[in-house]
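Q: What follows is a single structure, and I will ask about it in a moment.
Just so you know, all these numbers are worked out from the coordinates, no wet-lab data involved. Keep in mind that this is a model prediction, so the values were computed, not measured. Ideal geometry is used to build each Cβ from the backbone, glycine not excepted, and the neighbour counts take in all protein chains shown.
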Amino acid sequence: MLRESMRQSEEAERHLWFARSLGVEPVPIELRKAVNTVIEELFKHASPTNIIAQEVIRRIGDPDEQPESVVERMDISFEQSQRAPMIVSRSVRSPSMDFGDFSERERPSKLDRTQADRAEITGKYPELVRFMRQEYRSLYERWDSGRKDVRVLGRLHQKSGQPALMAGLELLDLVAGFWRH
């Protein structure tokens, strides 16, 4: 009974993700190829419904789309500066500028169950682990220090339901900036 209620809970969570996702823009162009590779890796171990799969494809966008070239950006910037002499500055936070807590962390000295789980996850999902280490360093370090409450990677510690699918959905929300860590 408990397992059934947990499954229903995860299913409800997927439905909420889908409803919330409809209003979210696709992944930034610079991260699309990497996110697409990670999602493909995760979906090898998942069974998304057609509706969820289509929404994930929409959220990733076209992985082959190229960002504007430097020359195009300079032209647009020059045209805008000619039209409006006022300069407006905006602070933009890149996903790679991840500043987590800098508190000291303790590493277990012996191989315990958590370390074995992390090693298994690292072996099964190397692209995801590599992406998190590169783009979201503090989240990766929290997870690597033994914390299972880290979104995306922490989902993979679940033994029931569809942890790979849920990790993929969490990853899309993270990259879109939907939730802050």
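Q: What list do you get for W143, W17 if you sort them by fewest beta carbons within 10 Å?
A: Ranking W143, W17 by Cβ neighbours within 10 Å, fewest first, gives W17, W143.
Q: Report the gain in length on full extension from T49 to D149: 0.36 nm times residue separation, minus Cα-Cα distance, nm rounded to one decimal.
A: 33.4 nm
Q: Sort out for me the Cα centre separation of region 118-171 from region 13-49, rounded to whole Å.
A: Between the Cα centres of region 118-171 and region 13-49 lies a distance of 15 Å.
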